[in-house]
Amino acid sequence: MYDMQRRLPRIAQWPLALLILIALPAVSLGAEVLDRVVAVVNSDVITLSEVNEAAKPLYKRLSERIAPAELGQAMEQARETVINGLIENKLLEQKAAEKKISISDEEVEVALSRLLERNATSQVQFQSQLAEVGITPAQYRENLKGQIMRSRVLTMEVQSKIIIPEERIIDYFDTHYTSRMRGGGAYLLQIGVVWKVTAGDSDVSRRLAQEEARKKAEKLRDMAAQGQDFKDLARKNSDLPSAADGGDLGAFKTEEMAPYMQEAVKGLKPNEISKVVLTPSGYQFFQMLSTQEGQIVAKAPYESVKEEIREQLFEQEMKARYEQWMGKVREQAYIKVL
């Protein structure tokens, strides 16, 4: 079952669709502010004070990041976005009332505790973060209660109707996680250690840096040979750009490889790990995933990414279904922006 709590905002953020700040004109101290209705949603109204209150913590961020010359346009765009978000929230709250959905204070405290635990945040840190953006703990709890209620409506109306079949996960895996070997090449993973030297370093310093890099590379190679996950080692330890992809280099034809790569992978069988080889800037070693013509190579085992793919597909489906559902709700509602 998909956990809707994971969709709740991070600490000190506001609810669904209120992620863009509305910039409002500053009011001098002592000036009288008259509230007014800015939108009508069925039998409910959205007031200017509601918009101002919802926008207050986000306005602070926008004013810090947007240049004065661009602030006016950003204010107008943000105002439209925030009001639209408040309209959708009202519609969700009205649906919750129709279905007699209510959220207890205990449920709010449980949700808040989970958020703090997930973000490794203490109560003191939490209150400090709220103070920085001008929100009281009571305001945050009330806001969180509203979001839980709206999330529960979405669970009933949208989420519970989504099923991601195994066939769809497999299709995604075949498209995004596999490739076919062509031209007698090799599909490789890579880990590299670059020695840290500068133009002004002495020969002794250079040799020491090179030796340190070699020892690190040899240690990592031994760890991979002993069964530690190659991609995980690459992500955490490799100095090369491919580290972000778990050392995944993709497929290479032999003639496309640098000489040191050819030397390292020559004679390797699938899943074997090469020796450490010297490169112009450090040391590298490789794991051979495949060398066979026409063979389909997986970038990761299916079972290791299955749930990740399921969640990604669920998110995509949830977004599409929500937009469709909300479109119908809006069509059936009386909405007027003043």
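The values are calculated or read from the model by the stated rules, or taken from the named source; none is laboratory data. It should be emphasised that the depicted structure is a prediction, and the values quoted were computed from it without experimental measurement. Cβ coordinates were reconstructed from backbone atoms using ideal geometry, including for glycine residues, and neighbour counts include every protein chain displayed.
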The listed residue being surrounded by 17 or more Cβ atoms within 10 Å (Cβ to Cβ), farther than 17 Å from Tyr177 by Cα and out of contact with any Pro (no Cβ under 6 Å at 6 or more places or on another chain), out of Asp239, Asp248
Asp239
Looking at (1) part of a loop (DSSP other than H, G, I, E, B); (2) touching a residue at least 12 places away in the same chain (Cβ under 8 Å); (3) surrounded by fewer than 16 Cβ atoms within 10 Å (Cβ to Cβ); (4) among the charged types (D, E, K, R), which is the only condition Glu212 fails?
(1)
Which one of these is part of a helix (DSSP H, G or I) and in contact with a Gly (Cβ under 8 Å, 6 or more places away or on another chain): Ala217, Ala251?
Ala217
Can you work out which of the residues in region 292-306 that are under 22 Å from the mean Cα position of the chain (by Cα) and either surrounded by 11 or more Cβ atoms within 10 Å (Cβ to Cβ) or among the basic types (Lys, Arg) (or both) is modelled with the lowest pLDDT?
Lys299
Checking Thr198 against (1) exposed (fewer than 14 other Cβ atoms within 10 Å of the Cβ); (2) among the hydroxyl-bearing types (Ser, Thr, Tyr); (3) more than 22 Å from Pro280 (Cβ to Cβ), only one condition comes out false. Which one?
(3)
Given Arg61, Arg118, Arg79, Arg114, which one is modelled with pLDDT under 90 and over 30 Å from Ile335 (Cβ atoms)?
Arg118
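Every residue, every condition in (1) within 30 Å of Leu86 (Cα to Cα); (2) hydrophobic (A, V, I, L, M, F, W, C); (3) in contact with a Leu (Cβ under 6 Å, 6 or more places away or on another chain), yes or no:
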residue: Asp222; (1), (2), (3): no, no, no
residue: Gly227; (1), (2), (3): no, no, no
residue: Ser238; (1), (2), (3): no, no, no
residue: Pro241; (1), (2), (3): no, no, no
residue: Ala258; (1), (2), (3): no, yes, no
residue: Gly267; (1), (2), (3): no, no, no
residue: Lys275; (1), (2), (3): no, no, no
residue: Glu311; (1), (2), (3): yes, no, no
residue: Glu317; (1), (2), (3): yes, no, no
